[in-house]
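Peer 1: The structure under discussion is supplied below as structure tokens; questions concerning it will follow.
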């Protein structure tokens with residue numbers, strides 16, 4: 001049995017019910033980008049560059065201190081005979097994960113989505129001690145910022161596992177039936 005790599009982006013594409021987007025996401029195909037996505041990528045790169053240069057967050061984003069941050073930490077962990085799980089953590093500093101979001105949706109909207117439980121699951125499978133996540137949000141249209149924080153817990157890890165176990169087999173069957181594996 002050939003393994004596939006599942007990520008939050010792939011699962012979210014699947015949940016939106018767009019098979020072309022699922023295929024493009026999995027195979028990293030170029031596709032048109034919205035202005036919001038272009039802005040988000042640019043701002044994300046600026047934040048990463050600032051952290052790498054100054055060992056701190058840009059003033060417009062967050063006032064928290066960093067000690068030894070690692071930006072864009074790619075994690076790939078085995079899950080079962082069908083999947084590996086993949087995630088790119090925006091910034092890890094010690095036992096804290098920082099995730100960056102831009103646009104009009106607040107941090108409270110973002111923190112309630114599936115990405116954080118999936119990331120807590122990936123961290124557990126990687127035997128990474130991760131205590132909490134700060135979801136840092138910047139609205140580039142208004143200049144407003146906000147953040148939300150969530151502690152890691154067995155319940156959130158289990159939620160991540162349930163997401164994978166619910167959608168992963170469907171995604172796998174789709175790729176298999178389309179001859180993409």
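The values are calculated or read from the model by the stated rules, or taken from the named source; none is laboratory data. Quick caveat, the model's predicted, so the values are computed rather than measured. Virtual Cβ from ideal backbone geometry, glycine too; neighbours counted across all protein chains shown.
Peer 1: Go through the residues of region 107-119 one by one and say whether even a single one is more than 26 Å from residue 48 (Cβ to Cβ) and part of a helix (DSSP H, G or I). Give the derivation first.
Peer 2: Of all residues in region 107-119, those more than 26 Å from residue 48 (Cβ to Cβ) come to none.
No; the residues of region 107-119 include none that is more than 26 Å from residue 48 (Cβ to Cβ) and part of a helix (DSSP H, G or I).
Peer 1: While we're here: I want to confirm something. Restricting to region 96-120 and keeping residues that are in contact (Cβ under 8 Å) with a residue 24 or more places away in the chain and more than 12 Å from the chain's Cα centre (by Cα), which single residue is surrounded by the most Cβ atoms within 10 Å (Cβ to Cβ)?
Peer 2: Across region 96-120, the extreme among qualifying residues is 102.
Peer 1: Tell me which residues, restricted to region 126-151, are assigned to a loop (DSSP other than H, G, I, E, B), surrounded by fewer than 18 Cβ atoms within 10 Å (Cβ to Cβ) and without any contact (Cβ under 8 Å) to a residue 60 or more places away in the chain.
Peer 2: Our first condition is that a residue be assigned to a loop (DSSP other than H, G, I, E, B); within region 126-151, this holds for 126-131, 140-143.
With surrounded by fewer than 18 Cβ atoms within 10 Å (Cβ to Cβ) added as a condition, the list becomes 126-129, 131, 140-143.
Listed by number, the residues that qualify are 126, 127, 128, 129, 131, 141, 142.
Peer 1: Also, I was wondering about something else. Tell me, yes or no, whether region 152-171 has at least one residue that is over 12 Å from the mean Cα position of the chain (by Cα), outside any helix (DSSP H, G or I) and exposed (fewer than 14 other Cβ atoms within 10 Å of the Cβ).
Peer 2: yes
Peer 1: Ok, one more. Tell me which of these residue 11 doesn't satisfy, since it passes every other one: (1) in contact with a strand residue (DSSP E or B) (Cβ under 9 Å, 6 or more places away or on another chain); (2) part of a helix (DSSP H, G or I); (3) within 26 Å of residue 151 (Cβ to Cβ); (4) at pLDDT 95 or above.
Peer 2: Failing condition for residue 11: (1).
Peer 1: Separate question: Every residue in region 80-95 that is more than 17 Å from residue 132 (Cα to Cα), touching a residue at least 24 places away in the same chain (Cβ under 8 Å) and not in a strand (DSSP E or B), please.
Peer 2: Of region 80-95, the ones more than 17 Å from residue 132 (Cα to Cα) are 80-86.
Those still in the list that are touching a residue at least 24 places away in the same chain (Cβ under 8 Å) too: 81-86.
Result: 81, 82.
Peer 1: Just name the residue that is nearest to residue 4 (Cα to Cα) out of those in region 60-79 that are over 20 Å from the mean Cα position of the chain (by Cα) and in contact (Cβ under 8 Å) with a residue 60 or more places away in the chain.
Peer 2: Once the filter is applied, the top-ranked residue is 64.
Peer 1: Something else about it: State the number of residues belonging to region 24-60 that are within 19 Å of residue 178 (Cα to Cα) and buried (at least 17 other Cβ atoms within 10 Å of the Cβ). Break it down into steps so the answer makes sense when it comes.
Peer 2: The first filter runs over region 24-60 and keeps only residues within 19 Å of residue 178 (Cα to Cα), leaving 24-29.
With buried (at least 17 other Cβ atoms within 10 Å of the Cβ) added as a condition, the list becomes 25-26.
Final tally of qualifying residues: 2.
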